[in-house]
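S.K.: Quick one: the structure is below, and I'll ask about it shortly.
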Amino acid sequence: MTRKSSFIRGLAFGSREICSLLLFVVAVSFSTPRASAAVSDKDGSPAEWVNPFIGTGKGPGASQNLFPGAVMPFGMVQFSPDTEDKGLGYHYYQELLKGFSMTHMSGAGCANEGEVFLTATTGPVETQETAIESPYSHTQESASPGYYQVRLQRWDVNTELTATDRTGMVRFTFPADKAANVVLPISHTLKNTTGAEVHLVGDREIEGYVENQAFCGSKATYKVYFVVHFDRPFGSSGIWNGTLAGAPAPTTAERTVKQTNHEQWVGAYASWSSSDQPQTVTAQLGISYVDLDGARNNLKAEAEGKTFDQIRNSARAAWNKTLNVIEASGGSEAQERVFYTALYHSLLMPSILSDADGRYIGFDDAIHHVKPGHLLYGNFSGWDIYRSQMPLVALIEPQRMQDMAESVTLMYKQGGWVDRWPQINRYTNIMAGSPLTVIVSTAWLDGLHDFDIDSAWEGMYRDATEAAPANKPYRGEAGMQWINTLHYVPNDKVDYGSVSQIQEDAIAYASLYRLAKGLGKTAEAKTMYDRALYYRNVFDPGTRFFRPRNANGTWTPNFDPAEEDHGFIEGSGWHYQWFAPADVAWVVNAVGRERFNKRLTQFFDYESPGWFGQYYNPYNETDLQAPFEFNFSGKPWETQRVVRRVLKENYPDTPDGIPGNDDCGEMSSWAVMSMMGLYSVDPASLAYELSSPVFPKVVINLSAPYKGKTFTIEASPDAQNMTYIQSVQLNGVAHAQNWITFQDISKGGLMKVGLGQSPNQSWGATKEDAPPSLSAETP
């Protein structure tokens, strides 16, 4: 899900020249951030290539908001700095650092999380936000997988963060001759803190909870429980209680404080007397969404008795193992950094929610246990990640993918419905369609069967055919009563993206059609096939655009396909012209092949990237599949050209190296797949479109339940300078089709891609060479 600045949109629509100038200024004004220079970082491992500062910059609409802090693959904890009070966390070009919090989302488009906030100061204890924040310099800041470091210049305190799955660890090094303080303004989050409680326990621990509001307009709340354990007894400690505007004074007389309303400002602190030598204070922090016992046990299970360096080294080893599942070689150093950083960002979410003891909080607010050896995941950015991030996870992390599919199934069993964008154990109902249906269906069709498919099917089929009951926290598909009667979403009845709604629904229906066939559900397969074609009911044969339509069948007047949000979600008719992922062949024929190619070529005829109404928008998910649709229309060499251009212009090795919000790994995974020369326009079809790889060699290391050991892609030695595919061989046999199947990859093998500097307009160009579409199938 992506939210953008209306100011930047106005620039893009009003003046391409101004937008180009803005992007030029952004590109030339800031230096490339550096990865951590600490010992052991230069070891030739995949983690060496990861630069967590990529994608932390402003970018168009101040939308780039990845966090650079310490996290494990899919970790519950994302221990990272915050440069803003409310919002998205960290921006590379903001100059003040507020402190450090334990929870973040990776590039989501709404203010969210940021619970369990702390920082370090020296001298008298301060409680105001402006009194504890500090300037910082990127020359005194570093990051690598599982580690973050910065010097707080105001206090001359060096801060280091590392993490396990469910805990964080911070090491503060204070200057000599200064009293050392660790302050926890526990009321501080990045969203809307509705409650909190903090206790000083003995002389080494602080514990409590933070209650925060779910993101993007949701009124629901959730709790994060925490325990902070210090490596030394407090010299002194206390709490404060008041309002932020009132600058509450700290007191040592009390050891417990509770926040009961949004305006209250509470916290705790621990202090140590000054020393004639620099002193180091280390704290371990455990969190849980279940209860305090869960936070304590997570800390005991994952961090007890371990030093900071031991945890940091373990985190790096875990990342090296995870990143090494794809071995890309032969490209430039910048390409290696971009690729492995994108892969890193693709593997941060969904997040582990179950505790070390297997307990988790369900969508029924009850405590449940996962099966031994499994994990429960949450925070599915559905509308975004079904396109390429989840297919990538299914390919390279199949065991996790099965647990994620089971997590979606448990959401239905415990909460009553499958959400579009669940956060923790809350329904948010963000965006459109039934994206988790696409994800779960794709997982099963990929051959990942270790989850309760019967319950998953029941929940997904209900969502696809029934309106959600009233007075529930979930909403289901918008306009279901109209879908079931008119077979489209009327614009005069549903005021949020009526055209996009049915287009998004249709891709879910197509996924269920394919899943039903695989499960032997013949009648349901026919039902879902028919529903998957409902998108055609909003195709205007006069303009040959998808267009908003009223309940009486008339087209809305004064339709401008370049006008954003005119029946579309975060996009225009031009962006959604290409959105029928399961049935692109029908769109090509309905528009007319020649006109389709002319329009698609025009769509990419922009001088520089921007948020335009009539051109490709690399900053959002609405048209991510468009570069690959030349494969369906007989011009695959144009796909090869356009994909290379998008990669070059929108994925540099800079703080602005992610176009727009990363949306929990979606934009990053687009780059990972595209750099390997693969993409799936319709993941449940199991067809992977081909484009030109940027590396001479990529090895995908496969794991059970897939049969293969490795799938290798070999390209020309100078691949980065060779844009166009000349020929393809799959396991030694000439391959004329411009796509391969998921099974071609998962069973292992070798694909050789010959590249050249000029288009080969005969390879992959016939109708028979195009990827599959529903139009060619009989239910």
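The values are calculated or read from the model by the stated rules, or taken from the named source; none is laboratory data. As the structure is a computational prediction, the values presented were derived from the model and not from experiment. Please note: Cβ atoms are built from the backbone with ideal geometry, for glycine as well, and neighbour counts cover all protein chains shown. Please note that ligands, DNA and RNA were not included when accessible areas were found on the heavy atoms of the full protein model with its side chains. Shrake-Rupley method; radii C 1.70, N 1.55, O 1.52, S 1.80 Å.
S.K.: Check whether at least one residue in the range 654-662 is open to solvent by less than 10 Å² (accessible area, probe 1.4 Å), in contact with a strand residue (DSSP E or B) (Cβ under 8 Å, 6 or more places away or on another chain) and either under 22 Å from TYR344 (Cα atoms) or acidic (Asp, Glu) (or both), and report yes or no.
M.R.: Just the residues of the range 654-662 that are open to solvent by less than 10 Å² (accessible area, probe 1.4 Å), to begin with: 655, 657-662.
Within this subset, residues satisfying the condition of being in contact with a strand residue (DSSP E or B) (Cβ under 8 Å, 6 or more places away or on another chain) are none.
Looking through the range 654-662, none of the residues is open to solvent by less than 10 Å² (accessible area, probe 1.4 Å), in contact with a strand residue (DSSP E or B) (Cβ under 8 Å, 6 or more places away or on another chain) and either under 22 Å from TYR344 (Cα atoms) or acidic (Asp, Glu) (or both).
S.K.: Next question. Tell me, which residue of the range 44-88 that is crowded, with 24+ Cβ neighbours inside 10 Å, in a loop (DSSP other than H, G, I, E, B) and of a type in the set (Ser, Thr, Tyr) is modelled with the highest pLDDT?
M.R.: Restricting to residues being crowded, with 24+ Cβ neighbours inside 10 Å, in a loop (DSSP other than H, G, I, E, B) and of a type in the set (Ser, Thr, Tyr), the top hit is THR56.
S.K.: Which of the strands (runs of 3 or more DSSP E) contained wholly in the range 182-242 include at least 3 residues that are under 26 Å from THR307 (Cβ atoms) and over 24 Å from the mean Cα position of the chain (by Cα)?
M.R.: Per the criteria, 205-213, 221-230.
S.K.: Looking at the structure I just gave you, is GLN720 at pLDDT 95 or above, open to solvent by 40 Å² or more (accessible area, probe 1.4 Å) and out of contact with any Pro (no Cβ under 7 Å at 6 or more places or on another chain)?
M.R.: No; evaluated as a whole, the condition is false for this residue.
S.K.: Let me ask something additional. Output yes when any residue across the range 534-554 is open to solvent by 10 Å² or more (accessible area, probe 1.4 Å), at pLDDT 95 or above, assigned to a helix (DSSP H, G or I) and more than 19 Å from ALA626 (Cα to Cα), and no when none is.
M.R.: The answer is yes, given that some residue of the range 534-554 is open to solvent by 10 Å² or more (accessible area, probe 1.4 Å), at pLDDT 95 or above, assigned to a helix (DSSP H, G or I) and more than 19 Å from ALA626 (Cα to Cα).
S.K.: Applying the selection to the range 615-628, what residues are touching a strand residue (DSSP E or B) at 6+ places or on another chain (Cβ under 9 Å) and either over 14 Å from GLN737 (Cα atoms) or surrounded by fewer than 24 Cβ atoms within 10 Å (Cβ to Cβ) (or both)?
M.R.: If we filter the range 615-628 for residues that are touching a strand residue (DSSP E or B) at 6+ places or on another chain (Cβ under 9 Å), which is where we start, we get 624-625, 627-628.
Answer for the range 615-628, where residues must be touching a strand residue (DSSP E or B) at 6+ places or on another chain (Cβ under 9 Å) and either over 14 Å from GLN737 (Cα atoms) or surrounded by fewer than 24 Cβ atoms within 10 Å (Cβ to Cβ) (or both): LEU624, GLN625, PRO627.
S.K.: Which one of the conditions (1) open to solvent by 40 Å² or more (accessible area, probe 1.4 Å); (2) in contact (Cβ under 8 Å) with a residue 12 or more places away in the chain does GLY202 fail to meet, given that it meets all the rest?
M.R.: Of the numbered conditions (1) open to solvent by 40 Å² or more (accessible area, probe 1.4 Å); (2) in contact (Cβ under 8 Å) with a residue 12 or more places away in the chain, the odd one out for GLY202 is (2).
S.K.: Determine, yes or no, whether ASP364 is of a type in the set (Asp, Glu) and open to solvent by less than 40 Å² (accessible area, probe 1.4 Å). Break it down into steps so the answer makes sense when it comes.
M.R.: Details: of a type in the set (Asp, Glu): yes; open to solvent by less than 40 Å² (accessible area, probe 1.4 Å): no.
Against the criterion (of a type in the set (Asp, Glu) and open to solvent by less than 40 Å² (accessible area, probe 1.4 Å)), ASP364 does not qualify.
S.K.: So, VAL157, is that one in contact with a helix residue (DSSP H, G or I) (Cβ under 7 Å, 6 or more places away or on another chain), of a type in the set (A, V, I, L, M, F, W, C), over 30 Å from ARG426 (Cα atoms) and open to solvent by less than 10 Å² (accessible area, probe 1.4 Å) or not?
M.R.: On the way: in contact with a helix residue (DSSP H, G or I) (Cβ under 7 Å, 6 or more places away or on another chain): no; of a type in the set (A, V, I, L, M, F, W, C): yes; over 30 Å from ARG426 (Cα atoms): yes; open to solvent by less than 10 Å² (accessible area, probe 1.4 Å): yes.
No.
S.K.: Out of the residues in the range 205-220 that are polar (S, T, N, Q) and closer than 15 Å to THR103 by Cα, state the one that is surrounded by the fewest Cβ atoms within 10 Å (Cβ to Cβ).
M.R.: Step one: of the range 205-220, the residues polar (S, T, N, Q) are 212-213, 218.
Of the ones still in play, those that are also closer than 15 Å to THR103 by Cα are 212-213.
Numbers: ASN212: 24, GLN213: 19.
Ranking the qualifying residues of the range 205-220, first place goes to GLN213.
S.K.: Return a yes/no flag: does the range 651-659 have any residue that is aliphatic (A, V, I, L, M) and not in a loop (DSSP other than H, G, I, E, B).
M.R.: Going residue by residue through the range 651-659, those that are aliphatic (A, V, I, L, M) are 658.
From the residues that got through so far, the ones that are not in a loop (DSSP other than H, G, I, E, B) too are none.
Looking through the range 651-659, none of the residues is aliphatic (A, V, I, L, M) and not in a loop (DSSP other than H, G, I, E, B).
S.K.: In this structure, is THR527 part of a helix (DSSP H, G or I) and either modelled with pLDDT of 95 or more or within 23 Å of TRP417 (Cβ to Cβ) (or both)?
M.R.: Values: part of a helix (DSSP H, G or I): yes; either modelled with pLDDT of 95 or more or within 23 Å of TRP417 (Cβ to Cβ) (or both): yes.
So THR527 passes the test.
S.K.: Go through (1) under 21 Å from PHE630 (Cβ atoms); (2) free of Cβ contacts under 8 Å to residues at least 12 places away in the same chain for THR778 and report which single condition fails.
M.R.: Single failed check for THR778: (1).
S.K.: Just to be sure, is THR280 closer than 27 Å to VAL183 by Cβ and hydroxyl-bearing (Ser, Thr, Tyr)?
M.R.: Values: closer than 27 Å to VAL183 by Cβ: yes; hydroxyl-bearing (Ser, Thr, Tyr): yes.
Considered against the rule, which asks whether it is closer than 27 Å to VAL183 by Cβ and hydroxyl-bearing (Ser, Thr, Tyr), THR280 comes out as yes.
S.K.: Please go through the range 242-284 and give me each residue that is modelled with pLDDT under 90 and in contact with a helix residue (DSSP H, G or I) (Cβ under 7 Å, 6 or more places away or on another chain), ordered by number.
M.R.: LEU244
S.K.: Hey, another quick one. Looking at ASP309 and the list (1) without any contact (Cβ under 8 Å) to a residue 12 or more places away in the chain; (2) surrounded by 21 or more Cβ atoms within 10 Å (Cβ to Cβ); (3) acidic (Asp, Glu), which single condition is not satisfied?
M.R.: (2)
S.K.: Of all residues being part of a loop (DSSP other than H, G, I, E, B) and free of Cβ contacts under 8 Å to residues at least 40 places away in the same chain in the range 133-170, which is nearest to PRO81 (Cα to Cα)? Just the residue, please.
M.R.: Restricting attention to the range 133-170, the residues satisfying the condition of being part of a loop (DSSP other than H, G, I, E, B) are 133, 136-137, 145-146, 153-156, 164-166.
Okay, now just the ones that are also free of Cβ contacts under 8 Å to residues at least 40 places away in the same chain, so 133, 137, 153-156.
Working: GLU133: 11, SER137: 13, GLN153: 14, ARG154: 15, TRP155: 16, ASP156: 16 Å.
Within the range 133-170, the match that is nearest to PRO81 (Cα to Cα) is GLU133.
S.K.: Considering only strands (runs of 3 or more DSSP E) fully contained in the range 249-290, which possess at least 2 residues that are among the aromatic types (Phe, Trp, Tyr)?
M.R.: In the range 249-290, the matching strands (runs of 3 or more DSSP E) lie at 264-272.
Residue-wise test of (1) open to solvent by less than 20 Å² (accessible area, probe 1.4 Å); (2) at pLDDT 95 or above; (3) assigned to a strand (DSSP E or B).
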{"site": "SER692", "(1), (2), (3)": "yes, yes, no"}
{"site": "VAL698", "(1), (2), (3)": "yes, yes, yes"}
{"site": "ALA704", "(1), (2), (3)": "no, yes, no"}
{"site": "GLN726", "(1), (2), (3)": "no, yes, yes"}
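S.K.: Here's something else I'd like to know. Would you mention how many residues in the range 600-614 are open to solvent by less than 30 Å² (accessible area, probe 1.4 Å) and over 13 Å from GLY571 (Cα atoms)? Steps first, answer last, please.
M.R.: We begin by selecting, within the range 600-614, every residue open to solvent by less than 30 Å² (accessible area, probe 1.4 Å); these are 600, 603-604, 606, 608-613.
Checking the rest, the ones that are also over 13 Å from GLY571 (Cα atoms) come to 600, 603-604, 606, 608-609.
Looking only at that region, the number is 6.
S.K.: Give all pairs with beta carbons closer than 7 Å in which a residue from the range 596-610 that is outside any helix (DSSP H, G or I) meets a residue that is among the acidic types (Asp, Glu); count only pairs at least 6 apart in sequence or on separate chains.
M.R.: As it stands, the answer is PRO609/GLU649, since those pairs meet every condition given.
S.K.: Still on this structure, please answer the following. Give HIS229, HIS262 a once-over and let me know the one that is in contact (Cβ under 8 Å) with a residue 60 or more places away in the chain and loosely packed, with under 14 Cβ neighbours inside 10 Å. Break it down stepwise before answering.
M.R.: Numbers: HIS229 fails: loosely packed, with under 14 Cβ neighbours inside 10 Å.
Criteria check complete, one pass: HIS262.
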